[in-house]
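Here the structure is laid out as structure tokens; the discussion comes afterwards.
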Amino acid sequence: MLSLPLPPNPHATAVLLLAVFAMYLFTRKNLPLETASFIVLISLTVGFTLIPFQIDGEFLHAENFFHGFGHEALVTVCALMIAGQGVVRTGALEPVGRGLARLWKISPGVSLLLTLLVAAFISAFINNVPVVVLLLPILISVSIRTKTKASKVLMPMGFATLLGGTCTTIGTSTNLLVVSVATDMGLKRMGMFDFLVPAIIAGGVGIAYLWLIAPRIIPERKLALADTSPRVFSAHLAILEKSSIVGKTLGEAIQKMDGKLKVKSIRRDNEKHIMPLPSVVLKIGDQLMIRDTPEGLKEIEAVLEGTLYQDENLGSPVDDDHPLKAEDQQIAEIAVIQGSSLRGRTFNEIRFSDRYGTIILAIHRAGKRIQKGFDSISDIRMQAGDILLVQGPREQIANLKKEKDLLVLDATVDLPFTQKAPLALLIMLAIILTAAFGWLPISISASCGALIMILSGALSWSDATKALSTQVVMIVVASLALGSALLKTGGADYLAQIFLSLSGNASPTVMLSGLMLLMAILTNAVSNNATAVMGTPIAISIAAQMGQPAEPFVLAVLFGSNMSFATPMAYKTNLLVMNAGEYTFNDFLRIGIPLVLILWGTLSWVLPLLYGL
């Protein structure tokens, strides 16, 4: 007969209810993750201040929940984000990307495998977001040139970076949190490569699936961003005697076009240029310098009853025999990066075209179809991860790669590469080696590396601060606070008792496997960091109550929390891949769920075997 443990103390019950509420908040699309995290943190501090809790005769100070802001796990995560930003900003990974692009032209099949392996290897030491940003445009470009489907390779590449991140303690912030929480609870600190063997075994199986099976079951998607059809052209509209706007003001002409008419200047008497003020009265022979898509220009010509010409010399009217030309123009895809000063502002507010010398043709955002028509997106507020399709002179497109608020994704434009790139790589290598050999704790080696990046000029303070993510900081702090509350009030022990009661007399192997599957389900529904921090004390408590070593159960939490494959919102790189590959939610379910099950099954066999359960 099933026997559940008695309810815990009121504080533990309240914390458990708050944990459930936190998971609900983390899944709300209309509530920023950092706001949800802040709500959880403040709820804990206010609750424990108003209703104090005693541990062994001593009160638990609510201010302790703020200690996450100074926790070594958060310091390490932030320092590694800064160091990784230095590697990206100097273009140190550019040669890797270019080498892969050349290989793709020779053998796409072998190149896909190599791309997956390289992506996984780099992501074991560097945040996988810049790795995905580097490889996305390269894979899109080579897919067009080799006539392969980009949608068949983008998702496997994104998932490969997640697999690589599980190999070391610094591969993801989730790993760092699990290791740090376990150490805080008295376990021996895990070294950088302590769980490399199970990670490589499971990762190898996962890579094989992504290489051989996933591309065959991913639906084909036509990438809208590869379509350059909405090109913008400049032309002269000559006002003829028959035109209905002769004697009317420019304002009236704009009103006649429902506001779609964009006039850059007015040429009169073949020499004078008049400012395009709404009060200007239009005369026969005036030339309106306008800019629009071919369809837009033809609509303007028809409604205003003028005649389109390619240039101001009025040589031949634009027709099938004399089509529009756009000389020295390039199409490029650019992304609004995390930390960009453009976030939350409209294209009109920043005067995008004047500022960057380019025209926005389209914008694509996660979960939304691409919007075409450069005159219809000027009031959209930019978000991190937005991908813009822009057109402009070759020189202006090249200049965009120097911008710090935007990242050029078009592979025809070289990624930034400076003389500091080798130095950035050496600094990153030094961070890894000093931590791997135990010369310095990773929190200190990463902080030293971040400082050297800045002192050496490989990274500016402006770039360093932009590398930090408020979302990551807040979710880490809130997760640490919630995990601490669960542990100190006895909530974690209570959950462990329930888990043991529900499992009956199951073997340690079954318990470990069930715990890992639970973590895998939660990480695809809520934050992976929150799942990891709350799961770690539960895993240790389960191991203690079963009389088993804690390390394999902690690793079950670590690996399960990293199985963020089944939903696009499970991990930020999933959203980037979803944007670029035009994937749907169901596509992630179709490819991600089998991968989760494959990894779960593999690790359920490997971990008990390696740790003698």
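Every number in this text was worked out from the coordinates using simple rules, so none of it is lab data. In this text, all values refer to a predicted model and were calculated from it rather than measured experimentally. Backbone-built Cβ (ideal geometry, glycine too); neighbour counts: all protein chains shown.
Each peptide in 477-490, 556-569, 240-253 receives the mean, over its residues, of other Cβ atoms within 10 Å, and ordering these scores from highest gives 556-569, 477-490, 240-253. Taking label positions 7 Å along the Cα-Cβ direction at both W439 and I454, the computed distance is 2.3 nm, reported to one decimal. The overall shape of the range 233-309 is rounded: from the C-alpha gyration tensor, with semi-axes ordered a ≥ b ≥ c, the ratio a/c is less than 1.5.
By the scheme Lys and Arg +1, Asp and Glu -1, what is the net charge of all other residues having a beta-carbon under 11 Å from that of M453? Around M453, the charge tally is +1. For M185, the shell of other residues with beta-carbons less than 15 Å away shows a net charge of -1, using +1 for Lys and Arg and -1 for Asp and Glu. Listed peptides 389-400, 153-164 appear in the order 153-164, 389-400 once ranked by packing, highest mean of other Cβ atoms within 10 Å at the front.
Subtracting the Cα-Cα distance of T509 and H67 from 0.36 nm times their residue separation leaves 155.6 nm of extension gain. Once the Cα-Cα distance is subtracted from the 0.36 nm per residue extended length, the L31 to W605 segment shows a gain of 202.8 nm. In this simple spin-label model, placing a label point 7 Å from the Cα along the Cα-to-Cβ direction at both I284 and A208 gives a separation of 8.2 nm. Each Cα pair under 8 Å and six or more residues apart adds its sequence gap; the mean of these over the residue count of the range 233-309 is a relative contact order of 48 percent. Between L50 and D269, the simple spin-label model (points 7 angstrom out along Cα→Cβ) gives 7.8 nm. Taking other residues whose beta carbon is less than 12 angstrom from the beta carbon of R345, and scoring Lys, Arg as +1 and Asp, Glu as -1, yields 0.
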